[in-house]
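The values are calculated or read from the model by the stated rules, or taken from the named source; none is laboratory data. None of these values were measured; they are calculated from a predicted model. Methodologically, a virtual Cβ is constructed for each residue, glycine included, from the backbone with ideal geometry; neighbour enumeration extends over all protein chains shown.
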Amino acid sequence: MTGADGYRGVVIAGAAGVGKSRLARRALANVHPGRWESRWARATTSARTLPLGAFAEWTDVGTADAMSVVRGVIDHLSDHPVGARAIVGVDDAHLLDDLSAFVVLQLVQRRLSPVVVTVRTGEPVPDAVSALWKDGYLQRIELQPLSEAETAELVTTVLGGPLDPAAARRLWNVTRGNTLYLRHLVEQEVASGRLTPSPEAPGLSAGVWVWDGPPTASPGLADLIGAQLDTLPPAVGAVLDVLAVGEPLPEQILADLTDVGAVEDAHALGLISVDQAGRHPVRLAHPLYGEDRRARATPLRLRRLRADIAEALGAMENSDVRDLVRRAVLILESGLTADPVLLTEAATAALGLFDPELAVRLCKAAITDGAGYDAHLILTIALTMLSRGEEVEQVLTQLLGRPLTDGQRIDVAYLRLANLLWILNRPEEAEAVLLEASEVPAPNAHGVLAGGRAIIHAFNGNPREAIEAAQCAAPRTPDPPELSQMWALGALLIALGDTGRTSEIATIAACARDLMTASPRVSIVRLPFHEFHIRGLRLAGYVREATDVATRIYDETSEAGWAQGLSSIIKGQAELTAGHLGAARKRLEQRFTSAGIPNGYIPTIWYCALIQCQAMSGDGTSAAETLRALDTWCQTTVPYLKPEYLLTQAWVAAATGATTEAIALAHRGAQCAAEQDQHAHEVICLHTATRFGDSTTAPRLRELVEQVEGPRAPAAALHATALDAGDAGGLLDASGQFEDMGDLLSAMDAAAHAATTHRRHARNGSALTAAARARRLADACDSARTPALTEALQPSPLTARQREIITLAAQGLSNKQIAEKLIVSVRTVEGHLYRASRKTGLTGRDDLGGLTDDPP
């Protein structure tokens with residue numbers, strides 16, 4: 001801007017409202033006041049009719065000669081005090097009259113002053129203004145709207161608290177990152193009480209801003225949009241009206257319903273966008289244009305437009321499911337007579353597009369118009385996806401009161417099973433439903449219902465029985481029911497992951513994906529099945545693969561209810577396993593809104609991941625509080641998740657300094673996993689005990705290497721064996737293996753153990769090298785803090801037991817309470833405190849507590 005780069009200023013170009021004027025003003029305001037004298041001019045439509053209208057402030061009206069007037073304006077603008085230079089800003093330069101544009105060009109060509117100019121993209125520009133960048137005088141910068149992430153970051157900063165992901169996505173969808181529109185919309189929604197901070201809840205980010213209800217444009221925002229659209233020719237306005245109720249549309253349909261020339265004019269004015277790569281390429285350039293046009297139109301005109309577009313979509317060749325859904329919605333909103341069969345088909349398609357809210361709306365309309373079993377079935381699937389479990393039970397109970405075929409009764413049983421098992425957390429009732437369904441006299445009913453038995457076995461922590469039942473699921477039926485197939489596949493994903501047969505998971509996951517793609521009716525289980533798949537990968541040590549799948553699922557998911565929350569949980573789990581604690585904690589501490597999170601399975605995996613993340617970050621206080629919240633919310637743990645829950649308790653104990661208790665809890669988790677044949681989870685639990693400093697796990701881990709597939713078991717066995725043998729080199733090898741698989745936290749702890757081992761043998765140089773590796777890995781994990789890392793980076797004359805006891809003492813526990821917690825005598829506790837005092841020269845609990853920075 002000052003000429004150091006060869007340019008004589010800058011042109012800031014962009015759409016209306018992206019922040020061009022604000023940026024230009026900020027640039028002029030930030031110049032050094034002693035070295036620069038700034039001037040600011042703004043071109044307007046009204047001033048454009050007057051020569052030099054934008055520079056009227058600097059025009060000498062007493063001069064008759066036009067060129068003298070121009071020279072006077074140039075002199076005024078470029079005038080500056082001694083030792084300073086002038087700098088000129090011109091806002092909305094596309095509105096300059098020709099003489100004013102000539103003045104700006106002269107300032108630049110004659111190097112009289114640097115110039116900052118803003119122009120609106122898509123507007124006609126005077127030749128003298130376009131020459132500023134075309135001839136290379138000024139650098140042109142295209143100012144883009146904010147991305148979705150940038151929008152969320154800006155609104156979070158403005159509101160002073162985190163923004164719910166669903167609210168962030170909606171804000172961006174409505175404003176498309178236009179900062180002017182965003183400011184007006186946020187102000188309006190906060191003032192209306194629709195955008196509000198949520199109340200605090202244990203373990204979750206306090207004051208997360210959530211957005212309920214449809215957005216309403218403020219009068220100021222409506223005026224801004226209206227000012228852009230008020231002067232449009234009627235034919236161009238008609239183009240916007242059609243798109244306002246039916247976008248996106250194919251060019252041919254839009255041209256048939258309006259005028260080809262008007263479509264071209266709307267595109268030239270930047271009011272519509274055309275994506276040639278899209279199947280329906282034409283849409284409004286901004287969603288709020290549609291809000292404005294719909295507000296201007298009469299209800300009668302809107303109904304007629306919707307009817308016309310619905311008819312055009314129905315006549316279109318090669319239509320797809322999206323066209324079917326849009327056509328059904330347009331028919332409903334136009335007042336036309338709706339075919340219940342078409343509405344049911346559209347609701348099914350909406351499920352396939354992962355829009356359960358719309359599916360509910362279409363199903364209810366179809367049922368009102370006389371639709372039967374299929375509409376009720378799709379309605380219950382959509383309600384389940386939205387966590388509305390009691391409504392699901394009500395609809396299915398009513399359905400059972402109607403005449404149904406045997407196959408339909410089995411389908412109803414499967415849907416009740418899903419609702420009772422996942423949403424309402426009533427597993428006993430789920431088993432009763434399956435038992436009742438087994439009495440249906442359908443051909444091969446036993447095989448058809450085997451998928452349901454398989455998923456119940458998997459949830460009950462019986463993976464081997466689950467595998468056997470899944471393999472019996474309608475094996476000789478030519479066309480087995482979709483829900484039966486899906487339950488069998490889901491059971492296999494859980495059970496194969498638990499037992500360590502990871503090599504078989506990829507094939508099962510692919511079969512499940514194919515079935516879900518082919519049948520929207522099984523969309524109900526899409527995200528849980530992805531969680532089962534990713535869980536198996538994480539347990540086996542395929543961390544990078546799990547992260548890739550989780551990221552893809554998260555990017556593809558926009559459903560409401562627990563689906564939106566579960567996709568975030570899945571990604572947070574993968575980030576935790578990879579050691580990205582900062583990102584994982586931020587994601588997992590978010591409050592999942594919309595229809596909420598159901599009881600049982602989902603809150604267990606959510607809170608367990610969050611608690612472990614808090615504990616691994618060294619925040620024992622938050623971890624303990626969140627664990628209490630989980631215990632209050634879910635008073636019964638899903639059996640197959642019991643080892644995970646015990647492991648979570650172990651991490652809380654470790655984060656609060658109770659290492660002995662942590663090791664005992666990890667062993668309880670391993671024992672539970674072993675009893676349930678969940679050997680992949682047994683590896684995780686035993687290795688966690690190793691990470692806490694337990695040197696007794698090596699024999700069993702070496703046995704598990706032969707049973708559990710994947711890179712985790714061998715690395716865990718190497719870590720445990722090297723720790724038991726005091727082999728620092730082996731510990732570093734294990735650290736390398738964990739880092740190679742993408743598990744940075746385990747790699748960090750193994751390196752920390754290597755540093756401690758080197759130090760015990762007085763190999764100080766090697767100890768420093770290993771400690772540096774552990775610190776590097778900790779930094780990569782967003783400042784992780786575990787017992788192994790704490791010991792490695794804080795050399796101390798104290799033993800691990802002495803450190804544990806003084807940590808508990810610093811938390812205010814009496815000697816008797818410490819003895820009970822560690823299952824030792826009070827005299828033993830007193831002895832450890834005495835020896836710690838002798839070694840350090842410190843007396844008293846407070847002084848000794850200063851030796852550790854474990855949280856009080």
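Summed over region 354-400, the residues that are without any contact (Cβ under 8 Å) to a residue 60 or more places away in the chain and within 18 Å of residue 324 (Cβ to Cβ) give a count of 15. Can you find a residue that is out of contact with any Leu (no Cβ under 9 Å at 6 or more places or on another chain), in contact (Cβ under 8 Å) with a residue 60 or more places away in the chain and in the same structural domain as residue 380 (by TED's automatic domain parsing) anywhere in region 313-321? Looking for residues that are out of contact with any Leu (no Cβ under 9 Å at 6 or more places or on another chain), in contact (Cβ under 8 Å) with a residue 60 or more places away in the chain and in the same structural domain as residue 380 (by TED's automatic domain parsing), one finds at least one in region 313-321, hence yes.
In region 67-85, which residues are surrounded by 15 or more Cβ atoms within 10 Å (Cβ to Cβ) and among the aliphatic types (A, V, I, L, M)? Walk me through how you get there before you give the answer.
Applying the first criterion (surrounded by 15 or more Cβ atoms within 10 Å (Cβ to Cβ)) to region 67-85 yields 69-74, 76-78, 80, 85.
Hits for region 67-85 are 69, 70, 73, 74, 77.
If the condition is being touching a Ser or Thr at 6+ places or on another chain (Cβ under 9 Å), loosely packed, with under 14 Cβ neighbours inside 10 Å, at pLDDT 85 or above and not hydrophobic (A, V, I, L, M, F, W, C), then region 182-239 contributes only 192.
Looking only at region 75-93, decide whether some residue is over 26 Å from residue 14 (Cα atoms) and among the β-branched types (Val, Ile, Thr).
Taking region 75-93 and keeping what is over 26 Å from residue 14 (Cα atoms), we get 75-76, 78-85.
Right, trim to among the β-branched types (Val, Ile, Thr) and you get 82.
Yes, that holds for at least one residue.
Tell me, please, whether a residue that is among the basic types (Lys, Arg) and modelled with pLDDT of 90 or more can be found in region 745-763. Scanning region 745-763, I find no residue that is among the basic types (Lys, Arg) and modelled with pLDDT of 90 or more, so the answer is no. Scanning region 125-146 turns up no residue that is polar (S, T, N, Q), under 18 Å from residue 55 (Cα atoms) and touching a strand residue (DSSP E or B) at 6+ places or on another chain (Cβ under 6 Å). Looking only at region 7-23, residues that are part of a strand (DSSP E or B) and either among the small types (Gly, Ala, Ser) or at pLDDT below 90 (or both) come to 3 in all.
On the given criteria, is residue 748 touching a Cys at 6+ places or on another chain (Cβ under 8 Å) and touching a residue at least 12 places away in the same chain (Cβ under 8 Å)? Spelling it out, residue 748 is indeed touching a Cys at 6+ places or on another chain (Cβ under 8 Å) and touching a residue at least 12 places away in the same chain (Cβ under 8 Å). Somewhere in region 245-263, is a residue crowded, with 16+ Cβ neighbours inside 10 Å, assigned to a loop (DSSP other than H, G, I, E, B) and in contact with a His (Cβ under 7 Å, 6 or more places away or on another chain)? Within region 245-263, one or more residues are crowded, with 16+ Cβ neighbours inside 10 Å, assigned to a loop (DSSP other than H, G, I, E, B) and in contact with a His (Cβ under 7 Å, 6 or more places away or on another chain).
Screening residue 168 on (1) touching a Ser or Thr at 6+ places or on another chain (Cβ under 7 Å); (2) farther than 30 Å from residue 588 by Cα; (3) of a type outside the set (Asp, Glu) shows it passes everything except condition (2). Among the residues making up region 155-178, a single one is out of contact with any strand residue (DSSP E or B) (no Cβ under 7 Å at 6 or more places or on another chain), hydroxyl-bearing (Ser, Thr, Tyr) and either free of Cβ contacts under 8 Å to residues at least 60 places away in the same chain or surrounded by fewer than 19 Cβ atoms within 10 Å (Cβ to Cβ) (or both): 157.
Taking residue 31, is it in contact (Cβ under 8 Å) with a residue 60 or more places away in the chain and under 53 Å from the mean Cα position of the chain (by Cα)?
On the way: in contact (Cβ under 8 Å) with a residue 60 or more places away in the chain: no; under 53 Å from the mean Cα position of the chain (by Cα): yes.
No: the conditions fail for residue 31.
Against the list (1) surrounded by 20 or more Cβ atoms within 10 Å (Cβ to Cβ); (2) acidic (Asp, Glu); (3) more than 20 Å from residue 449 (Cα to Cα), the condition residue 390 fails is (1).
Take the residues of region 131-154 that are part of a helix (DSSP H, G or I) and touching a residue at least 40 places away in the same chain (Cβ under 8 Å): which is surrounded by the fewest Cβ atoms within 10 Å (Cβ to Cβ)? It would help to see each step written out before you state the result.
Initially, region 131-154 is screened for residues part of a helix (DSSP H, G or I), giving 131-134, 148-154.
Then keep just the ones that are touching a residue at least 40 places away in the same chain (Cβ under 8 Å); that gives 132-133.
On the way: 132: 29, 133: 20.
That would be 133.
Would you please name the residue that is surrounded by the fewest Cβ atoms within 10 Å (Cβ to Cβ), looking only at residues in region 775-796 that are under 24 Å from the mean Cα position of the chain (by Cα) and under 10 Å from residue 745 (Cα atoms)? Explain how you work it out, then say what you get.
To start, the set of residues in region 775-796 that are under 24 Å from the mean Cα position of the chain (by Cα) comprises 779-784.
Narrowing the set further to residues that are under 10 Å from residue 745 (Cα atoms) leaves 780-781, 784.
On the way: 780: 18, 781: 24, 784: 22.
Only one residue fits best here, namely 780.
Quick check: is even one residue across region 659-675 assigned to a loop (DSSP other than H, G, I, E, B) and either modelled with pLDDT of 95 or more or in contact with a Ser or Thr (Cβ under 6 Å, 6 or more places away or on another chain) (or both)? No: zero hits. Looking across region 555-594, the residues that are part of a helix (DSSP H, G or I), surrounded by fewer than 21 Cβ atoms within 10 Å (Cβ to Cβ) and at pLDDT 80 or above come down to 555, 568, 582, 583, 586. Against the condition modelled with pLDDT of 90 or more, assigned to a strand (DSSP E or B) and buried (at least 20 other Cβ atoms within 10 Å of the Cβ), how does residue 118 come out, does it pass? Yes; evaluated as a whole, the condition is true for this residue. From the list 630, 646, 732, 718, the one residue that fits, being assigned by TED's automatic domain parsing to the domain that holds residue 615 and assigned to a helix (DSSP H, G or I), is 630. Mind listing whichever residues of region 784-817 are touching a residue at least 12 places away in the same chain (Cβ under 8 Å) and among the hydrophobic types (A, V, I, L, M, F, W, C)? The answer is 784, 788, 789, 792, 793, 798, 800, 805, 806, 808, 809, 810. Take region 645-665 and flag every residue that is in contact with a Lys or Arg (Cβ under 9 Å, 6 or more places away or on another chain) and not hydrophobic (A, V, I, L, M, F, W, C). Answer for region 645-665, where residues must be in contact with a Lys or Arg (Cβ under 9 Å, 6 or more places away or on another chain) and not hydrophobic (A, V, I, L, M, F, W, C): 649, 657, 659, 660, 661.
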